[in-house]
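**Student:** Can you read through this structure? Questions will come right after.
Every number here is computed from the coordinates shown, using simple stated rules; none is lab data. Source: prediction; values computed, not measured. With ideal geometry, Cβ positions are generated from the backbone for all residues, glycine too; neighbour counts draw on all protein chains shown.
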Amino acid sequence: MKRQLLAFLAALTMFSSCGILSGTSLDPAALATAAGTAMTALTISDEQIAQLSAESVAYMDSVNVVEKGNYDKRLRRLLKNVSTINGIPINVKVYKTSEVNAFACGDGSIRVYSGLMDVMDDAELIAVIGHEIGHVVHQDTKNAMKKTYLGYAARQALGATGTLLGNLSASVLGDIAQSYLSAQFSQKQEFAADEAGFEFAIMQGYSPYSMYNSLVKLMKLSNSNGQIPSAAQTAFSSHPATEERAARMKAAAESYGKTTK
Ligand SMILES: [Zn+2]
């Protein structure tokens, strides 16, 4: 799978850099390739998306320190009753870093940063993971990747004038990882992901206030420490959007309590 994709990316690179560029005139072969890339992106299959997901997560694994001690044990304990996302078996890893972040991907990957685990209790952590899984289930992650891939296709056309990126495959995989790691999802998408986190926490036996508490905690963190906030903190903490999200989750928790008593 990996080899196929790398070969695919290498083929794209080869076409743009095979030495037939001259001056500023456009190279028809490279333009044709760019058009081909755009076509592929527009019709990109679930299988290809899964392949890009696996490749970009493998890239993330290679540039982060994977923790295999107590953090990893805690995360596996928390997710012991979760086996699949959209029918795809999950694979779980902790990145050892002070960054407060987490992401999930369509290939079943769940990656949680130890910085997030340091500040969240189990219930809040489960809610945040449920939120990230929500983005995958609602296809937000897939669409973000697709958009990045289209952007890449457009840059391939620039390549025809002689402007080429250095290490193309690593760069593309990094960009794709960034697209779901720091995706600027819409308020509507975040609301829906919060609802997924809310449900997920309850399903795993935690309080209906878990999602609300995690949002409140992230807001406080981003307001208090004066550090440059991570992508997740930014995504979770942009006022007044997060206040509104927290209010929604509080209301959901309150009404859940009423209906179950
Ligand atoms: Zn989100």
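**Student:** Net charge near Leu75: determine it from the other residues with C-beta under 14 Å of the C-beta of Leu75, scoring Lys and Arg +1 and Asp and Glu -1.
**Tutor:** +2
**Student:** Between Glu244 and Arg76, what length comes free when the chain is fully extended (0.36 nm per residue of separation minus the Cα-Cα distance, one decimal in nm)?
**Tutor:** Extending this stretch completely gives an extra 57.3 nm.
**Student:** Tabulate in residue order the Karplus-calculated ³J(HN,Hα) for the range 248-253, using 6.51 cos²θ - 1.76 cosθ + 1.60 with θ = phi - 60°, rounded to whole Hz; enter x for Gly and Pro.
**Tutor:** 4, 5, 5, 4, 4, 5
**Student:** With 25 Å as the limit, write out which pairs from Lys220/Lys250; Lys80/Lys146; Lys73/Lys217; Lys68/Lys188; Lys188/Lys220; Lys96/Lys188 have Cα-Cα distances beyond it, or answer none.
**Tutor:** Cα-Cα > 25 Å for Lys80/Lys146; Lys68/Lys188; Lys96/Lys188; rest within.
**Student:** I've got another one for you. Using 1/(1 + (r/R0)^6) with R0 = 25 angstrom and r between the beta carbons of Ala170 and Val65, what's the FRET efficiency to the nearest 0.05?
**Tutor:** Efficiency for this residue pair is about 0.90.
**Student:** Now, a different point. With a cap of 15 neighbouring Cβ atoms within 10 Å, and only residues DSSP puts in a loop, list the trypsin sites (Lys or Arg not before Pro) found in the range 40-92.
**Tutor:** Answer in residue order: Lys68, Lys80.
**Student:** When the Karplus curve 6.51 cos²θ - 1.76 cosθ + 1.60 is applied with θ = phi - 60°, which whole-Hz ³J(HN,Hα) does each residue of the range 111-121 get, with x for Gly and Pro?
**Tutor:** Each residue's phi maps through the Karplus curve to give 10, 10, 7, 4, x, 6, 5, 5, 9, 10, 7 Hz.
**Student:** Between beta-carbons, use under 12 Å as the cut-off and find the net charge around Asp121, counting Lys and Arg +1, Asp and Glu -1.
**Tutor:** Result for the local shell: -1.
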